[in-house]
1. Out of THR111, THR128, which single residue is surrounded by 17 or more Cβ atoms within 10 Å (Cβ to Cβ), polar (S, T, N, Q) and touching a strand residue (DSSP E or B) at 6+ places or on another chain (Cβ under 9 Å)?
2. If a residue must be over 27 Å from TRP76 (Cα atoms) and either outside the structural domain of SER59 (by TED's automatic domain parsing) or among the hydrophobic types (A, V, I, L, M, F, W, C) (or both), how many such residues does the range 231-254 contain?
3. For GLU218, state whether it is open to solvent by 60 Å² or more (accessible area, probe 1.4 Å), in contact (Cβ under 8 Å) with a residue 12 or more places away in the chain, within 14 Å of ligand 1 (Cβ to nearest atom) and assigned by TED's automatic domain parsing to the domain that holds ALA68.
4. How about the range 1-53: which of its residues are hydroxyl-bearing (Ser, Thr, Tyr) and either at pLDDT 85 or above or within 14 Å of the chain's Cα centre (by Cα) (or both)?
5. Against the definition (open to solvent by 50 Å² or more (accessible area, probe 1.4 Å) and within 31 Å of the chain's Cα centre (by Cα)), how does GLN281 come out, yes or no?
6. How many of the residues making up the range 53-88 are away from ligand 2 (no atom under 11 Å from the Cβ), open to solvent by 30 Å² or more (accessible area, probe 1.4 Å) and touching a residue at least 12 places away in the same chain (Cβ under 8 Å)?
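The values are calculated or read from the model by the stated rules, or taken from the named source; none is laboratory data. For clarity, every value in this text was computed on a predicted model and none was experimentally measured. With ideal geometry, Cβ positions are generated from the backbone for all residues, glycine too; neighbour counts draw on all protein chains shown. Protein only, heavy atoms only, side chains kept; ligands, DNA and RNA dropped before computing areas. Shrake-Rupley method; radii C 1.70, N 1.55, O 1.52, S 1.80 Å.
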Amino acid sequence: MSGKVKQKSSATAADSSTQSINEKILKECHTLYIDPDNGLVKIAESLGLTLLAPRKKISVLLIGNHSAGKSSFINWYVEEKVQRTGVAIETQGFSIVTSGRKRESLTGNATLHLYPHFEPLRQIEGVTDYLTTEISTSKQKRFNLVKFIDTPGLVDGDMQYPFDVNRAILWLGDLADLIFVFFDPIGQALCKRTLNIVEELSNDHSEIMRFYLSKADEAGDESDRQRVLMQIVQELCKRPNLNRTGFEMPTIYVPNMNQKGSSCVNQIEEVCQDIEKTINQTIQNTLNSLERDCDQIATLVEEKLQKNMKTSSENLQARFRGASFGLLGVFIPFLMLTTYLISTQQKVMKDILGENILDTLGIYLGPLARGWKAIPVQYSTYILYFIFGFTLIMLLIARYVSRTKLTLSRKEKRHLSEIREFVQNTVKKKKESLYSDYLKQSVADHDL
Ligand SMILES: Nc1nc2c(ncn2[C@@H]2O[C@H](COP(=O)(O)OP(=O)(O)O)[C@@H](O)[C@H]2O)c(=O)[nH]1
Ligand SMILES: [Mg+2]
């Protein structure tokens with residue numbers, strides 16, 4: 001066994017190490033988001049921000065006419081007969097082909113359980129019954145980082161699908177990282193249904209769509225092939241939304257299916273390169289998003305702490321204002337009452353305070369006390385009401401202006417600082433190390 005491994009060509013060995021590094025990067029990024037304790041999704045949610053966890057694999061959606069060779073392509077890529085091929089025009093459903101630990105076929109419900117983000121598919125009536133997942137243990141090519149979504153062959157005419165096939169494909173298109181459109185030379189290359197869906201998909205996804213002339217070995221000689229290609233391109237260009245300059249359509253066929261020994265160039269490697277390119281792009285995007293999401297979380301924390309500081313100082317001011325009005329509300333009435341009593345009840349006051357104090361008070365409060373004397377006796381009850389009213393109003397004002405806003409507890413502040421520290425240091429450091437792991441695969445060490 002070990003001898004066999006050693007005999008592997010160095011290219012294959014490098015390939016498999018690359019595979020595992022890229023796989024590791026996407027897995028670790030995914031975990032950084034979904035960790036139940038300190039995952040970024042949960043942290044962001046506590047700050048009122050919604051983050052989506054990155055996927056561990058890219059999704060490739062394959063669409064095309066019935067019998068265009070979609071399923072055969074998947075089987076060729078995976079190097080295992082996972083998908084049924086060449087079936088008669090019968091209703092086929094959607095099939096997700098993915099890598100895993102054990103060969104297994106899952107039903108629609110199990111599929112939705114495995115991929116919760118596919119759950120909205122349930123809204124399209126009937127689809128769940130025609131949805132399966134094929135798990136294969138294959139590690140060929142980049143299969144560990146790719147999830148293929150095989151779709152029912154499209155046909156024109158009276159064919160009745162037990163679900164809204166267009167709607168389902170459009171919905172899956174929103175999820176895909178790549179959309180492969182297969183046109184075959186013999187079948188109904190110009191199937192209207194296919195062209196309609198292609199046109200609709202290209203409204204939002206033209207940059208991830210790739211067109212291929214599949215089963216190119218069956219297209220006859222070179223001039224026949226050119227004619228077929230011209231025909232398809234012409235048909236596509238009739239559609240205003242699809243009229244793209246520099247329309248590219250590589251000719252591909254599954255190598256071992258070339259029974260007739262056609263000499264046609266096979267550009268199927270370009271398909272693999274496209275998948276590879278998309279994986280690399282996805283890894284870079286995922287790492288960039290990770291950094292951006294960390295920054296966003298740190299900014300939110302910063303804003304929260306700043307706002308809390310502002311609220312704290314506003315609360316302090318409010319308390320001070322409240323205390324001032326409170327004091328006024330007590331002191332002024334006290335002054336008024338005292339002077340009133342001095343001026344009107346001199347004898348009683350003398351008994352209570354003693355002559356000395358009364359004299360001293362008389363010096364300071366004399367002018368006010370004289371003011372009281374000027375007011376006729378019959379109004380004195382109103383004066384007392386006024387004083388009580390004044391006190392009441394001042395105390396109410398004091399209460400009103402001293403209202404404070406809720407601030408963060410010390411524990412909450414510490415928690416926020418910890419979050420900032422975690423995303424800015426721990427997560428970002430992790431991101432940096434993943435980035436250099438990624439770059440190391442293609443660049444020599446001294447360049448880093
Ligand atoms: N000659 C040739 N036949 C192919 C090729 N790909 C698929 N086929 C055949 O075309 C038929 C339909 O293929 P299939 O993969 O089921 O098409 P699908 O309906 O698009 O999934 C099958 O009988 C395959 O053997 C190819 O590249 N070359
Ligand atoms: Mg098929």
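1. Numbers: THR128 fails: touching a strand residue (DSSP E or B) at 6+ places or on another chain (Cβ under 9 Å).
Going through THR111, THR128 in turn, the sole match is THR111.
2. Of the residues in the range 231-254, the ones over 27 Å from TRP76 (Cα atoms) are 231, 234-246.
Filter once more, keeping what is either outside the structural domain of SER59 (by TED's automatic domain parsing) or among the hydrophobic types (A, V, I, L, M, F, W, C) (or both): 236-237, 242.
The total comes to 3.
3. Details: open to solvent by 60 Å² or more (accessible area, probe 1.4 Å): yes; in contact (Cβ under 8 Å) with a residue 12 or more places away in the chain: yes; within 14 Å of ligand 1 (Cβ to nearest atom): yes; assigned by TED's automatic domain parsing to the domain that holds ALA68: yes.
So GLU218 passes the test.
4. Just the residues of the range 1-53 that are hydroxyl-bearing (Ser, Thr, Tyr), to begin with: 2, 9-10, 12, 16-18, 20, 31, 33, 46, 50.
Hits for the range 1-53 are THR31, TYR33, SER46, THR50.
5. Numbers: open to solvent by 50 Å² or more (accessible area, probe 1.4 Å): yes; within 31 Å of the chain's Cα centre (by Cα): yes.
Answer is yes for this residue.
6. Total satisfying the criteria: 6.
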